[in-house]
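J.: Quick one: this structure, given as structure tokens, is what I'll be asking you about.
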Ligand code: ADP
Ligand code: ADP
């Protein structure tokens with residue numbers, strides 16, 4: 001299993017954001033994490049990427065425990081945060097080089113991820129010159145730099161215009177043929193367009209976990 005979450009809870013002050021969450025994700029698989037704003041999606045994703053500690057429970061990513069094997073987990077996950085901070089004056093390659101150095105990734109790999117995410121025609125530009133769709137590609141390229149087994153994408157398609165939406169969905173689907181993709185959204189159509197399976201979260205609890213195929217058969 002690529003992701004194994006067991007009885008995870010998270011409390012912010014008095015606010016219970018996650019209440020005893022458990023699920024598993026295999027590889028390759030594209031799983032949609034669906035729920036309204038405030039359901040706990042970002043919180044779960046930040047725990048999976050080791051940015052946030054849970055208050056109870058265990059998580060393994062790519063077989064590594066997030067607490068006892070944190071570095072190995074970080075090497076196994078690529079993360080696209082919901083509000084990816086991009087510096088508009090930075091060139092795409094400058095941005096990717098900075099993170100490549102942090103990850104200890106070769107310069108060749110920067111060209112590879114540029115190619116992989118369809119950024120080649122825009123590769124010479126500054127981030128500020130790019131459309132929102134292309135900025136998302138830069139975020140995806142960054143998340144793929146260290147060739148992680150698992151991609152965690154927080155609301156990757158929110159705010160895109162219809163053309164960009166189709167392109168980014170297709171890109172995520174193609175990445176998901178070889179990797180584990182765990183993406184959050186509050187829109188069911190996004191799940192239907194990209195995912196093999198949906199895990200529905202509401203008020204910090206999982207209320208459904210279904211294969212899309214089974215959902216279609218039920219209709
Ligand atoms: P989602 O990503 O589904 O919108 P979040 O994980 O961001 O949900 O938030 C889950 C709940 O936790 C919400 O009620 C939110 O207001 C609360 N929350 C999130 N982050 C914090 C924080 N840093 N401090 C206090 N409460 C927070
Ligand atoms: P929000 O929920 O508002 O989007 P984030 O979790 O995205 O907040 O922000 C946390 C910070 O950590 C951001 O500066 C983000 O870019 C950074 N960050 C998160 N994951 C990674 C990663 N895998 N590699 C590099 N930086 C990261």
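J.: Sticking with the crude label model, points 7 Å out along Cα→Cβ, report the distance from residue 217 to residue 167 in nm, one decimal please.
T.: For the pair residue 217/residue 167, the computed spacing is 3.8 nm.
J.: I'd like the orientation of helix 162-175 relative to the chain: the angle between its Cα long axis and the longest Cα principal axis, in ° from 0 to 90, rounded to 10.
T.: The answer is roughly 80 degrees.
J.: Starting from the Cα of residue 189, step 7 Å along the direction of its Cβ; do the same at residue 123; then give the gap between the two resulting points in nm.
T.: Going from the residue 189 label point to the residue 123 one covers 3.4 nm.
J.: Strictly greater than 25 Å: what percent of every Cα pair in the chain meets that?
T.: The proportion of pairs with Cα distances above 25 Å equals 38 percent.
J.: Would you mind computing Rg(Cα) / (2.2 N^0.38 Å) for segment 21-86, counting N as its residues?
T.: Values: Rg = 12.3 Å, N = 66, 2.2 N^0.38 = 10.8 Å.
Compared with the compact-globule rule of thumb, segment 21-86 sits at 1.13.
J.: Then there's this: Between segment 62-108 and segment 170-219, how many Å separate their Cα centres?
T.: 24
J.: Taking the Cβ of each residue in 73, 31 as the centre, tally the other Cβ atoms inside 10 Å and list the residues starting with the fewest.
T.: Numbers: 73 23, 31 26.
By the 10 Å Cβ count, ascending, the order reads 73, 31.
J.: Would you mind ranking 124, 146, 186 by Cβ crowding within 10 Å, fewest neighbours first? Numbers along the way, then the final one.
T.: Working: 124 10, 146 19, 186 15.
The most exposed by this proxy come first: 124, 186, 146.
J.: Determine the calculated [θ] at 222 nm for the chain from helices alone, applying -39500 (n - 2.57) to every DSSP H run no shorter than 4 residues and normalising by the residue count; nearest 500 deg cm²/dmol. Could the numbers behind the result be given before it?
T.: Working: 8 runs with 78 residues, N = 219.
The helix contribution divided over the chain gives -10500 deg cm²/dmol.
J.: Over the Cα atoms of segment 130-185, how large are the radius of gyration and the largest Cα-Cα distance (Dmax), in Å?
T.: 10.7, 30
J.: Sticking with this one: Report, in degrees rounded to the nearest 10, the 0 to 90 angle that the Cα long axis of helix 132-144 makes with the longest principal axis of the chain.
T.: Once rounded, the angle reads 80 degrees.
Every read-out reported here was derived from the displayed coordinates using simple, explicitly stated rules and does not represent laboratory data. Because the structure is a prediction, the values reported are computed rather than measured. A quick note on method: Cβ atoms are made from the backbone with ideal geometry, for glycine too, and the neighbour counts reach across all protein chains shown.
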